[in-house]
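Participant: Sharing a structure, written as structure tokens. Questions coming.
The values are calculated or read from the model by the stated rules, or taken from the named source; none is laboratory data. Only a predicted model underlies this, so the values are computations on that prediction, with no experimental measurement involved. So basically every Cβ, Gly included, is an ideal-geometry build from the backbone, and we count neighbours across all protein chains shown. Just so you know, the surface numbers come from the protein's heavy atoms only, side chains and all, with ligands and any DNA or RNA stripped out. Shrake-Rupley method; radii C 1.70, N 1.55, O 1.52, S 1.80 Å.
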Amino acid sequence: MQLDTVDFGFIYHEKKQKQLYTMMIDQFRHLSKSKNIKIVLFTLGHLDLEELVVTGTMIAGDNISHGPCKVPAYIYNFALHSTADKIDKMRILRKLEAITVINPVNRFIQGIIFEMLASCPTFRQYLLPSKSFNTSTLIDYDHKYDTFFLLPENSFLPPKAVVIKKFQNNDYMIYIGQNGQLRKKEDLVSYIKKMINKKKYILFKGIELLRMGNDPLETKIFLQKSEKGEWCSTVMAVKKGIFSRKELSYSTSSEATRDLISPVNEEQLSDISIQIGRFLDFHIPFIGSYTFDFIFDENNCPYLIHISGFEQDQTFFQLLDFDTQLTLLNNSFNYLYYQMNNYVTKRVQPNGLDQN
């Protein structure tokens, strides 16, 4: 049987990205027609690496069909892969010589990322002092700071921060969101170790957080490679989540964003995010999108607290306005188009920063 050949492929998560899949069919139909590009949408479960065949939804202009085709030469990964078989598939796929995979990973080891960024003087004012968590570093932070944060090194879910505050009489309040537990100093190490259950965490110096109502203010920057192959800030979203129990996000119209983070300089956050993206290009090749989470101190100074790949929280994605969602999709298509027209033969593998 002769298989169809397609130009671009887009990997999505069948259960978690249903809305994204529906939008891709509609939007990519128009882009396919205008650029004369054939596309396949697929999940890793329908990828046969031995035969280099993928079964998925094929788009050729207004013609939508479902079936097998050859693995395309240019692939954009939207999904976060958590099972061993899918992680292995992504490892093999990204190493195939004739195939370019953008976003071969969408989850990063935070400690390595922050260590790299701290080596660059430009970024230090946007970073809180941080170390990998162990008994020694916890005792060290306890001596240095009255407040410190704990965040997971890597997670398949949006991270939740633990806030540890020192009080008089050697008491500590340990918060996750608005829920707090009072502990004595002599119980601190054992309590936290039991709480994190041998998982890897990072310690950050704590700050007094700027608040939005009763919850700390957070922002998320969506960074993507453009049709020119350059990093651009697609959108800034005002949200809650990492330092709050609430998973509340806001529409990202520029007026609403300015009102909520004023007088924080939006251009400053966008500019530093683009600089970080360029810096990471030297260490993590073939990444086409990042999301950067920032928090703010009481003086409105921003601090980067978490980095991930393409937005995995579909509840959050659904709250973005429709035009912003389309922009995210258009950028992914246009960056593959840029790759196709600017093919680079030298291939470099990621620098051990991923879990895939």
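Participant: For region 308-322, give me each residue that is at pLDDT 90 or above and open to solvent by 40 Å² or more (accessible area, probe 1.4 Å).
Facilitator: Residues satisfying the conditions do not exist here.
Participant: Still on this structure, please answer the following. Can you tell me which of Leu182, Leu188, Leu128, Leu96 is in contact (Cβ under 8 Å) with a residue 60 or more places away in the chain and not aromatic (Phe, Trp, Tyr)?
Facilitator: The conditions single out Leu128.
Participant: Report whether or not Ser32 is more than 20 Å from Phe310 (Cβ to Cβ), open to solvent by less than 10 Å² (accessible area, probe 1.4 Å) and not aliphatic (A, V, I, L, M).
Facilitator: Answer is yes for this residue.
Participant: For region 5-15, name all the residues that are of a type outside the set (A, V, I, L, M, F, W, C), touching a residue at least 12 places away in the same chain (Cβ under 8 Å) and over 10 Å from Pro72 (Cβ atoms).
Facilitator: Tyr12, His13, Glu14
Participant: When only residues in region 1-23 that are crowded, with 19+ Cβ neighbours inside 10 Å and at pLDDT 95 or above count, which is nearest to Asp88 (Cα to Cα)?
Facilitator: Ile11
Participant: Collect the residues in region 273-285 that are buried (at least 18 other Cβ atoms within 10 Å of the Cβ) and at pLDDT 95 or above, keeping them in residue-number order. Working first, answer last.
Facilitator: Applying the first criterion (buried (at least 18 other Cβ atoms within 10 Å of the Cβ)) to region 273-285 yields 273, 276-277, 280, 284.
The answer is Ser273, Ile276, Gly277, Leu280.
Participant: Of the residues that sit in region 72-107 and are among the acidic types (Asp, Glu) and outside any loop (DSSP other than H, G, I, E, B), which one is least open to solvent (accessible area, probe 1.4 Å)?
Facilitator: Step one: of region 72-107, the residues among the acidic types (Asp, Glu) are 85, 88, 97.
Among the residues that remain, those that are also outside any loop (DSSP other than H, G, I, E, B) are: 85, 88.
Numbers: Asp85: 96, Asp88: 74 Å².
My answer is Asp88.
Participant: How many residues are assigned to a loop (DSSP other than H, G, I, E, B) and either acidic (Asp, Glu) or open to solvent by less than 60 Å² (accessible area, probe 1.4 Å) (or both) when one looks only at region 187-208? Full working, then the answer.
Facilitator: The first filter runs over region 187-208 and keeps only residues assigned to a loop (DSSP other than H, G, I, E, B), leaving 197-200, 206-208.
Going one step further and asking which of them are either acidic (Asp, Glu) or open to solvent by less than 60 Å² (accessible area, probe 1.4 Å) (or both), we end up with 206-208.
The qualifying residues number 3.
Participant: Oh, and also: Would region 113-135 turn up any residue that is surrounded by 16 or more Cβ atoms within 10 Å (Cβ to Cβ), under 30 Å from Lys166 (Cα atoms), within 17 Å of the chain's Cα centre (by Cα) and not aliphatic (A, V, I, L, M)?
Facilitator: Looking for residues that are surrounded by 16 or more Cβ atoms within 10 Å (Cβ to Cβ), under 30 Å from Lys166 (Cα atoms), within 17 Å of the chain's Cα centre (by Cα) and not aliphatic (A, V, I, L, M), one finds at least one in region 113-135, hence yes.
Participant: Name every residue in region 280-327 that is in contact with a strand residue (DSSP E or B) (Cβ under 6 Å, 6 or more places away or on another chain), outside any strand (DSSP E or B) and charged (D, E, K, R), in order of residue number.
Facilitator: Result: Glu311, single match.
Participant: Moving to a separate point now. Tell me, yes or no, whether region 41-54 has at least one residue that is surrounded by 14 or more Cβ atoms within 10 Å (Cβ to Cβ), β-branched (Val, Ile, Thr) and within 26 Å of Leu326 (Cα to Cα).
Facilitator: Scanning region 41-54 turns up at least one residue that is surrounded by 14 or more Cβ atoms within 10 Å (Cβ to Cβ), β-branched (Val, Ile, Thr) and within 26 Å of Leu326 (Cα to Cα).
Participant: Follow-up. For region 51-63, which positions are under 15 Å from Phe8 (Cβ atoms) and touching a strand residue (DSSP E or B) at 6+ places or on another chain (Cβ under 9 Å)?
Facilitator: Result: Val54, Gly56, Thr57, Met58, Ile59, Ala60.
Participant: Related question: Which members of region 209-236 meet the condition of being in contact with a strand residue (DSSP E or B) (Cβ under 7 Å, 6 or more places away or on another chain), small (Gly, Ala, Ser) and either free of Cβ contacts under 8 Å to residues at least 12 places away in the same chain or surrounded by 19 or more Cβ atoms within 10 Å (Cβ to Cβ) (or both)?
Facilitator: Listed by number, the list holds a single entry, Ser233.
So that you can scan it fast, the table gives a plain yes or no per residue for (1) in contact with a Lys or Arg (Cβ under 6 Å, 6 or more places away or on another chain); (2) modelled with pLDDT of 85 or more; (3) open to solvent by less than 20 Å² (accessible area, probe 1.4 Å):
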site	(1), (2), (3)
Pro263	no, no, no
Ser289	no, yes, yes
Cys301	no, yes, no
His306	no, yes, no
Leu328	no, yes, yes
Ser332	no, yes, yes
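Participant: Looking only at strands (runs of 3 or more DSSP E) that lie completely in region 14-71, which have at least 2 residues being in contact with a helix residue (DSSP H, G or I) (Cβ under 8 Å, 6 or more places away or on another chain) and under 24 Å from Asp85 (Cβ atoms)?
Facilitator: Those strands (runs of 3 or more DSSP E) span 53-60.
Participant: Please give the number of the condition Ser244 fails out of (1) of a type in the set (Ser, Thr, Tyr); (2) open to solvent by less than 10 Å² (accessible area, probe 1.4 Å); (3) in a strand (DSSP E or B).
Facilitator: (3)
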